[in-house]
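The values are calculated or read from the model by the stated rules, or taken from the named source; none is laboratory data. What you see is a predicted model; the values in this text were computed from it and never measured. Glycine also receives a Cβ, built like all others from the backbone with ideal geometry; neighbour counts cover every protein chain displayed.
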Amino acid sequence: MTVGIFGGAFDPPHVGHVVLLQSARARFGLDRILVVPTGQPPHKEAHSPPEVRYRLAELAFERIPGVQLWDRELRAEGPSYTVDTVRAAAQHLPGDDLVVLVGADQLAHFLEWREPEAILELARLGVATRPGYPPETLEPVLSRIGRADRIELFRIPSYPLSSRALRARLARGDSVEGVVPRQVAAEIARLGLYR
């Protein structure tokens, strides 16, 4: 089986995340997608508790076939690192072809990740590129990675809004219609998040 692993803070999840998963599912023929909300992101502050972000991710991705949320990182002590998640997935799913799904902006910093070469030993990296982020901007990083053959770029439609910009919009009380899945927007409103 080919299994995608998609981790993140999902603070909150938005349409760009959904488009990435749908595109990756088609591009890699993914049988399953493990969505892994981070407990404690290592390089940024989370604005909502892990359990809330887990629920928002459930709502955001529930209509994508093969998606399964994995709560492994919610129970972890300390920061959540991709290499630890990939090692756990490789033990949990021996023999499966693992594809870690990331955006091109994350690949630009891949060499700063904890044990990047170990990640590529255990899994391929599926990197979503989009208009405005040309693949040639990634060449300096790709040329320094020992297992660049394990990295595959795939294109997704442009999505201009980050989770940070989305939180700012919500804080101002602006509409998020069409920016987050409807059921996510309803849960954000119900819980009064990001105000």
remark   = With the first residue restricted to the range 37-63 and required to be farther than 10 Å from LEU74 by Cβ, and the second required to be buried (at least 19 other Cβ atoms within 10 Å of the Cβ) and at pLDDT below 90, Cβ contacts under 9 Å at 6 or more apart or on different chains are PRO41/SER80; PRO42/SER80; ALA46/GLY39; HIS47/SER163
task = May I ask you to say which residue of ILE151, ILE156 is surrounded by 13 or more Cβ atoms within 10 Å (Cβ to Cβ), touching a strand residue (DSSP E or B) at 6+ places or on another chain (Cβ under 7 Å), under 22 Å from ARG63 (Cβ atoms) and of a type in the set (A, V, I, L, M)?
result = ILE156
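Yes/no matrix, rows are residues, columns are (1) surrounded by 20 or more Cβ atoms within 10 Å (Cβ to Cβ); (2) within 25 Å of ARG155 (Cβ to Cβ):
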| site | (1), (2) |
| --- | --- |
| PRO37 | yes, no |
| PRO42 | no, no |
| HIS47 | no, no |
| VAL52 | no, no |
| GLU73 | yes, no |
| LEU101 | yes, yes |
| PHE110 | yes, yes |
query = Residues in the range 55-80 that are within 15 Å of PRO181 (Cβ to Cβ) and not charged (D, E, K, R): how many?
reply = 8
Considering residues of the range 8-44 that are small (Gly, Ala, Ser) and modelled with pLDDT under 95 only, the residue farthest from VAL86 (Cα to Cα) = GLY16
